[in-house]
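The block underneath contains the structure these notes are about, expressed in structure tokens.
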Amino acid sequence: MAGVAASGAASGSGADGRRGGAPEQQDSGRGEPKTLWGSSEPRPPATGQGQPSPQQRTETLGFYESDRGRKKKRSLSDLSLLRFISAELTRGYFLEHNEAKYTERRERVYTCMRIPKELEKLMFFGIFLCLDAFLYVFTLLPLRVFLAMFRFITLPCYGLRDRRLLQPAQVCDILKGVILVICYFMMHYVDYSMMYHLIRGQSVIKLYIIYNMLEVADRLFSSFGQDILDALYWTATEPKERKRAHIGVIPHFFMAVLYVFLHAILIMVQATTLNVAFNSHNKSLLTIMMSNNFVEIKGSVFKKFEKNNLFQMSNSDIKERFTNYVLLLIVCLRNMEQFSWNPDHLWVLFPDVCMVVASEIAVDIVKHAFITKFNDITADVYSEYRASLAFDLVSSRQKNAYTDYSDSVSRRMGFIPLPLAVLLIRVVTSSIKVQGVLAYVCVVLFYCGLISLKVLNSIVLLGKSCQYVKEAKMEEKLFNPVVTATPGKPAGKQQSMYKSTQGSSTDENGSTSVTSQPVHQKENTPSLLVTSNSDQFLTTPDGEEKDISQDSSELKHRSSKKDLLEIDRFTICGNRID
């Protein structure tokens, strides 16, 4: 009876606790009390139905701990296969719960769809830049060499107004012309027919390996060749105090001639291999060579690319595509010569030419589309690349230009027109026989047509380049270039002197001439080394290192992030630019 009374008292107090939301203590039947919530512990916040809040209940696979008791009360018939299938068929979800993720995915799709258009606009502009630099070798360079030689011959008639016999640009033009002529006569000792039959006798696998090796060698030659030519130009035009110092031009000149000759032979072997692939019966070699382009996708798509790396790759693709066009032209000329210039044979070559060009375009589009997708690069970056190339063209037409435009294209894209021009002249002169007065008249008319094409192309490119520079808001970089201090003069004085000379060069309307010639400075005035942001030369005399220690310390504290205009084809080794 005492136990019943105790239990009754406990139940009474438990009833009062249930009114307040606290559960009772129950005996499990084994002598061990089972406490749901002890009366001595703080009570959890109660809900309207006497159950704990969902924030304090543990969720396991969509079910709360407190719901397990009610799940047990359900009959086994409710957990049937039909109920599961109906739940799967009627289950819903809301994409707006992760709106940012799906918006980003949609933008990536739109970017991939915009890549072909933006890439081809860049390629179209870049190919015409390479064409302009290539036509310069055949059209304006001979005329400039003739004018420089005429000035050199007639110089005693006018007297020496200054210590320079020729302007630096004229010296560079004469060097280019002499290198072109010497390499052209050296190419006559290379037998194209013997090379063709030697390559044709090799197996398909050997030719495939040879073609890959030639592509790698072409990039290496282009990388080192422009440095050789730049060293020659600077050695020939730098101010010298002693006449004996001019002897250093001779070894640089022979190195440049050897480079142009070897590079021309390398491109000739490439053209011969491509010609063998075109003339093969089963076209297996041509198919293998085309499949080599798709291997390029594997080697570049799955790597980390920054914006500057992509700019370098775009320039390389522009140069590669233009070089392939010239190689296809050489192949067509050699084949048409073998078939006595029969027009019907041209239509036989036309499908293969279209197939090679289409494979190049398709590989470039797929490669750039996936690179931009994997590295989160927008399609608008190609307009920045195009503006950077336009900046090079416009800056080369300024009064204070420090390099010729063809050399600027060579540094930016790795396209050196001299070896390719030597090979094309050699192939054209050996394929086309000029006999009779009418033939020479046709040659003169063709040369006039090339000059007209060059001038028209230059005018259109200059107008479009000015438009792209204005759209990119790069006028400040164009008209306010960086001025480096010459030895013995602080940078502040150089900047003020440059501003005064720039102000005097403007006309009455305040516009700066883009196509005028540079003004030669006298000996008593310090030389100004004006460098644009597109290319910077770090040529410092050895004896004046102390004078520029401040400038070198400032360069160290600059950010390592490079601008697009500071990136050229041969300043980067590796896949990442810091």
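The values are calculated or read from the model by the stated rules, or taken from the named source; none is laboratory data. Note that this is a predicted model, so its numbers are computed, not measured. As a convention, Cβ positions derive from the backbone with ideal geometry for all residues, glycine included, and neighbour counts pool all protein chains shown. Ligands, DNA and RNA are stripped out before the accessible areas are found, and what is left, the full protein with its side chains, is counted by its heavy atoms. Shrake-Rupley method; radii C 1.70, N 1.55, O 1.52, S 1.80 Å.
Could you give the length gained by full extension between residue 203 and residue 341, i.e. 0.36 nm per residue of separation minus their alpha carbon distance, to one decimal place? Mind showing how you got there, number by number?
Details: separation 138, 0.36 × 138 = 49.68 nm, distance 2.93 nm.
Length gained, residue 203 through residue 341: 46.8 nm.
Please compare each pair in 298/367; 121/477; 319/373 to a cut-off of 19 Å on the Cα-Cα distance and tell me which ones are over it.
Details: 298/367 9 Å; 121/477 24 Å; 319/373 24 Å.
Where the Cα-Cα span goes over 19 Å, the pairs concerned are 121/477; 319/373.
When Lys and Arg each count +1 and Asp and Glu each count -1, what net charge do the other residues less than 14 Å away from residue 340, Cβ to Cβ, add up to?
0
Shape of the stretch 335-423 from its Cα gyration tensor (a ≥ b ≥ c, root eigenvalues): rounded if a/c is under 1.5, otherwise prolate when a/b > b/c, or oblate?
Cα axes put the stretch 335-423 in the oblate bin.
Based on the mean of other beta carbon atoms within 10 Å per residue, what is the order of 247-258, 442-453, most packed first?
Per-residue Cβ counts within 10 Å, averaged per peptide and sorted highest first, yield 247-258, 442-453.
Which loop-located trypsin sites (Lys or Arg not before Pro) does the stretch 92-201 contain, where loop means any DSSP state but H, G, I, E or B and the Cβ has at most 13 other Cβ atoms within 10 Å?
161, 163
How many angstrom separate the Cα center of the stretch 368-406 from the Cα center of the stretch 320-354?
About 32 Å separates the Cα centre of the stretch 368-406 from the one of the stretch 320-354.
Under 8 Å for C-alpha pairs, at least 6 residues apart: give me the relative contact order for the stretch 333-478, rounded to a whole percent.
34 percent
For 234, 347, write out the residues from largest to smallest accessible area, computed with a 1.4 angstrom probe and no ligands counted.
Per-residue accessible area, sorted high to low, gives 347, 234.
Which of rounded, prolate, oblate describes the stretch 78-118, given a ≥ b ≥ c as roots of the alpha-carbon gyration tensor eigenvalues and a/c under 1.5 marking rounded, otherwise prolate only if a/b is larger than b/c?
It comes out prolate by the Cα gyration axes.
Just reorder 368, 281, 188 by solvent-accessible area, largest first, 1.4 Å probe, all chains present.
I get 281, 188, 368, largest accessible area first.
Which of the trypsin sites (Lys or Arg not before Pro) found in the stretch 303-390 are loop residues per DSSP with 13 or fewer other Cβ atoms within 10 Å of their Cβ? Please list the in-between numbers first.
Working: sites: 303, 304, 307, 319, 321, 334, 367, 373, 386; in loops: 303, 304.
Taking the stretch 303-390 and a limit of 13 other Cβ atoms within 10 Å, the loop trypsin sites (Lys or Arg not before Pro) found are 303, 304.
Rounded to the nearest 0.05, what FRET efficiency do residue 94 and residue 121 give with R0 = 35 Å and r taken as the Cβ-Cβ distance? Could you check? Intermediate values should be presented prior to the final figure.
Numbers: r = 40 Å, r/R0 = 1.14.
That gives a FRET efficiency of 0.30.
Going by a ≥ b ≥ c, the root eigenvalues of the Cα gyration tensor, does the stretch 241-376 fall in the rounded group (a/c under 1.5), the prolate group (a/b larger than b/c) or the oblate group? If you can, show how the numbers build up before the last one.
Numbers: a/c = 2.91, a/b = 1.14, b/c = 2.54.
Oblate.
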